[in-house]
Amino acid sequence: GNSVTQMEGPVTLSEEAFLTINCTYTATGYPSLFWYVQYPGEGLQLLLKATKADDKGSNKGFEATYRKETTSFHLEKGSVQVSDSAVYFCALSDVAQGAQKLVFGQGTRLTINP
Amino acid sequence: EPEVTQTPSHQVTQMGQEVILRCVPISNHLYFYWYRQILGQKVEFLVSFYNNEISEKSEIFDDQFSVERPDGSNFTLKIRSTKLEDSAMYFCASSALRTQYFGPGTRLLVL
């Protein structure tokens, strides 16, 4: 079945550091890929998405490129802030239309120190 | 900006009791979902709902669970007889096309 694997956390960085959170997937067909973020005590917020190969999703300084050849969708940010501290989830959906379940990775907890 | 809302934010119940979790999806969305997240674990799909019927359900979604869209705005998840292992955060989501938008969740604690 479809699955998503994220790099193990937790990840701790200093403010202004470069961030990469790795995400790889296994899927049949042509999934859409997503990054969701969960701030402390809150629900899941869509951070960015990509729906086909070579698409780049971006939002709030975060970027991720849909790489079909490596089945990856790594999340990057050039300079992190304390406010980026959260749990980040990579996810895929594998149905082109209609109701489509999301399959999530295990989440990566990110802590940014001032 | 429209958003998915959920009530209550927290619920504590005794084992064996029935609970109903409520969600108001985004108004022009057609697809509705429930997910759960046991503390410290990944988010798991429970059920999807479209055109007033279940589209897909996971192995978790057994006979103790049911979903309903009782009117034009609400979408509910009922657990008939709660177990200790039902303690989790329950998220509702809705979508129009490919992107799902999540509510803030209901934290359910079964004692």
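Quick look at the values:
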item: Accessible area (Å², per residue) of segment B:16-89, counting only protein heavy atoms and a probe of 1.4 Å; result: 52
item: Proximal charge balance of A:Phe34 [Cβ under 10 Å; K/R count +1, D/E count -1]; result: +2
item: Alpha carbon centroid spacing (whole Å) that separates segment A:30-74 from segment B:44-111; result: 24
item: Added length on full extension, which subtracts the Cα-Cα distance from 0.36 nm per residue, B:Lys83 to B:Ile54; result: 8.1 nm
item: Residues losing 50 Å² or more accessible surface upon assembly, segment A:30-76, compared with the chain by itself, 1.4 Å; result: A:Leu44
item: Net charge, B:Arg98 excluded, C-beta distance under 13 Å - Lys, Arg +1, Asp, Glu -1; result: +1
item: Nearest-10 value in Å² for the accessible area of A:Val87, using the 1.4 Å probe; result: 20
item: For A:Lys49, solvent-accessible area (1.4 Å; no DNA, RNA or ligand), Å²; result: 90
item: Gaussian network model of chain A, Cα within-10 Å springs - most flexible of A:Lys77, A:Lys52, A:Lys60; result: A:Lys60
item: Relative packing of peptides B:87-98, B:45-56 - highest average C-beta neighbours within 10 Å first; result: B:87-98, B:45-56
item: Chains A and B, summed buried accessible surface - 1.4 Å probe, Å², nearest 100; result: 1700
item: Average partner coverage of B:40-51, which counts Cβ from other chains inside 10 Å; result: 4
item: Residue with peak Gaussian network fluctuation, chain A [Cα springs, cutoff 10 Å], from A:Leu47, A:Leu75, A:Leu13; result: A:Leu13
item: Chain A, accessible surface, carbon-and-sulfur percent (1.4 angstrom probe); result: 47
item: Accessible area expressed per residue, chain A, with surrounding protein chains retained (probe 1.4 Å, Å²); result: 46
item: B:His29, B:His10, ranked by accessible area, largest first (probe 1.4 Å); result: B:His10, B:His29
item: Under 17 Å from the Cα of A:Lys56 - aspartates and glutamates, other chains or at least 8 residues apart; result: A:Glu69, A:Glu76
item: With all protein chains modelled, accessible area of B:Val43 [1.4 Å, Å²]; result: 10
item: Number of partner chain Cβ atoms within 10 Å, mean per residue of A:101-108; result: 6
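The values are calculated or read from the model by the stated rules, or taken from the named source; none is laboratory data. Quick caveat: nothing in here was measured; it's all calculated off a predicted structure. Positions of Cβ are generated from backbone atoms using ideal geometry, with glycine treated the same way; all protein chains shown enter the neighbour counts. Only protein heavy atoms, including side chains, enter the accessible area calculation; ligands, DNA and RNA are left aside. Shrake-Rupley method; radii C 1.70, N 1.55, O 1.52, S 1.80 Å.
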